[in-house]
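To start, the structure itself, in C-alpha cells.
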Amino acid sequence: MSEAPLLRVKDLKKHFLARKGMFGEKTAVKAVDGVSFDVMPQESFAVVGESGCGKTTLGKLVLALESATSGSVIFDGQDVAAMNGAALKKMRREMQVIFQDPYSSLNPRMTVEDIITEPWVIHGMHKDSAERAKTLAKLLDDCGIAKSYLPRHPHEFSGGQRQRVGIARALSLDPKLVVADEPVSALDVSIQAQILNLLKDLQKERKLAYLFISHDFSVVRHLCTRISVMYLGRVVETADSETLFNDPQHPYTEALLSAVPVPDPAIEQRRKRIILTGDVPSPLKPPSGCRFHPRCRYMRDTCPVNDQILIAAKPGHEAACEVLPFKDERSEAALVAL
C-alpha cells in the first residue's frame, strides 16, 4: 500500500515497576515490550492474544492514556507522546475508544442524550441548536438507537443497547481511528453479531479505521483485514486475516487457531486440538530467548538462547520463530485451515 499509515507504532515499550514482597527489590513488568505495526486509513487491524499479554495496555498507549517507557506512536503524521494541551485535545477528537464493558463505561447519572453529546460540549462543537439536532438524529439512526432512548438512563437498557450508546458516543466527534477494546466480549453471542455488523456498516459509511483488541479469533476474522498475535508483551505473528487462518507460521498462533470452533460438525470432528503444556510465564520474569519456548512442541536447542524477532515468512506475513525453516517437518494436524 503506497499511502501513509494513519497510525504507526514503532518499538513501543511499557514497563511497570513492581516490588517482590514488602521489602523486596523492584523489578520491571514488561507489559508491552517492543511492539511495532501500522494501521492504514479505513483499515480494520486486530491485536489478538490471551488475557495478560499486554493488548489492553497497548491500546492505552496508542490513546495516550498511558505514557510509554520508550518507542513512538505516530498518529496522522504527528508524535502522540510530544503532544500536550490544545494539540492533545485536538488529537483526541480524531482518535476515540469503545470500551469493553457497557455496564461500567456509561455514567449512570447521565441520560443517553447527555452521554452522546458530552463530547460536543467538551470540544465546543454543534452549538447551533438546529445543527445539533440534525447531527444527533443522524448519529442515532446510524447506530440503531431510537429517539425515545434520549431522556432515559443506562440502567434501563440491555448490554447490547448500552454498547450502541457507547459506539454513538465514540463516533460523535467523527474520528478517523476507533480503538475497540473487546467491545463484544461482555455481550451474548446473538448480540455480538449485531454489534459487529453495525461496526462494519459504520466503518464503510464513515470511512473509519479500527484498532480492534480481542482474544476471540472468530470475532476478528469477521471484522478485520489484518491481525497481529501477541504473547507476553510481544507480537509473534502478523499477517492478513485469510493468510493467518489458512497458514499460521508461529506455533502459538497454530495452537490458538486449533481451539477456534468450526460450524461444520464433520470438519470439527476430524480436527485435532493442539494442547499447550504449562502455564503462561510471569511477565515479571519472562523466559530467555523465545518467550514461547517452554510451551512449544517444536522447541529446538537454540530457542531458549536466541531472542526471536519478526522475520518474513512470505510477503506481508511475519513471524518470530526459528522453526520457520523447518515448517515441512510439522505434522499435518498442526496446520489449521478454517
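Throughout, read-outs are computed from the coordinates displayed, never taken from laboratory work. From a predicted model like this one, the values you see are computed outputs, not experimental measurements. Note that each Cβ is placed from the backbone with ideal geometry, even for glycine, and that neighbours are counted across all protein chains shown.
Data table
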| item | result |
| --- | --- |
| Label-to-label distance, nm, for residues given as ARG152 and GLN269 (7 Å Cα→Cβ offset) | 4.6 nm |
| Relative exposure of ASP279, ASP101, judged by other C-beta atoms within 10 Å (fewest first) | ASP279, ASP101 |
| Helix 189-206 axis, angle to the chain major axis (alpha carbon atoms, nearest 10°) | 70 degrees |
| Calculated FRET value between ASP279 and VAL305, using beta carbons and R₀ = 22 Å, to 0.05 | 0.50 |
| On Cα atoms only, tilt of 85-94 relative to the major axis of the chain in degrees | 80 degrees |
| Exposed-loop-free span, longest in the chain, where trypsin sites (Lys or Arg not before Pro) count as exposed if DSSP calls them loop and at most 15 other C-beta atoms lie within 10 Å | 21-108 |
